[in-house]
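Below is one structure; the comments refer to it alone.
What follows is calculated from the coordinates using simple rules that are stated; it is not laboratory data. Since this is a predicted model, take the numbers as computed values, not measurements. No Cβ is skipped: glycine too gets one built from the backbone with ideal geometry, and neighbour counts run over all protein chains shown.
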Amino acid sequence: MKDIYDDELYLKQYAPEFELVRSRIGEKRLTHSLGVAHTARLLAEKYGADPAEAYLAGLCHDIAKELPQEQMLALLQESPLADDVEVRQHHQLWHAPAGAVLLAQLQADYPRLTEAVQGACLWHTLGRPAMTLLESLVFVADLIEPGRNFMDLAFIRQAVWQDLQLGVCACMQGVIDFLESKNDFVHPLAYEALAYYKKKHKKEC
């Protein structure tokens, strides 16, 4: 697949991992994953993280997204969220912990799929209070990558590029508002994380 961003060097660096991801997801999701990787890399350059590690984490974050539900559930049961009843009851939350476990299983053959990369995959959907820098980068990059288009995106992108913690807060507020507007389930951890980042930034998102 031809790189649609200016990330050719990173694609060469992570050619084995790229082929691994490409073998497990479709073209549309692969394009999204490349967008997340690109955005996470740029944000890493701005906020002092390792751009290569951020690129890899973004590339891999949805690796389990298109697995059959029974396979996702089996992986979820080995994850740190295995005992979270609300996660287990809402299958739209399975792919992130499932992906983290899958990356851990693959690490013997792909040693660059480190615990830090696994953690970014684990928390990219729910978020949590006190995320690591890498987790924060992938969390926001997943929402603001160039292929996204939704109401309030311009405001959220501006917040992310102004201040990362403010951006995390804005992303969490935006996701919660969207889910609440549809009367969809919002995990309590999302509210907890939003409160944490509001307090951390000492202002409304």
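Summary of values
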read-out: Mean separation of Cα contacts under 8 Å, 6 or more apart, over the residue count of the chain: relative contact order %; value: 18 percent
read-out: Taking segment 23-77 and dividing mean pair separation by its residue count, relative contact order in percent (alpha carbons under 8 Å, at least six apart); value: 39 percent
read-out: Cα-based shape type of segment 89-205, given that a ≥ b ≥ c are square roots of the gyration tensor eigenvalues and the cut on a/c is 1.5; value: prolate
read-out: Whole-Å distance, taken between Cα centres, linking segment 49-95 and segment 7-34; value: 17 Å
read-out: Among (1) 31, 18, 15; (2) 24, 21, 15; (3) 34, 18, 12, the entry that matches semi-axes √(5λ) of the Cα gyration tensor in Å as calculated here; value: (2)
read-out: CD proxy at 222 nm, helix term only [per DSSP H run n ≥ 4: -39500 (n - 2.57); per residue of the chain; nearest 500]; value: -19500 deg cm²/dmol
read-out: Under the span-like rule (Cα at least 15 Å along the axis, Kyte-Doolittle mean at least -1.0), DSSP H helices of the chain; value: 27-47, 95-106, 133-144, 164-181, 188-201
read-out: Under-21-angstrom lysine pairs by C-alpha in segment 1-140, whenever the two are 8 or more apart or on separate chains; value: 4
read-out: Potential lengthening between Tyr191 and Lys46 on full extension [0.36 nm per residue; Cα-Cα distance subtracted]; value: 49.5 nm
read-out: Neighbour-limited loop hits for trypsin sites (Lys or Arg not before Pro), segment 141-205 (at most 16 other Cβ within 10 Å; DSSP other than H, G, I, E, B); value: Arg148, Lys182, Lys202, Lys203
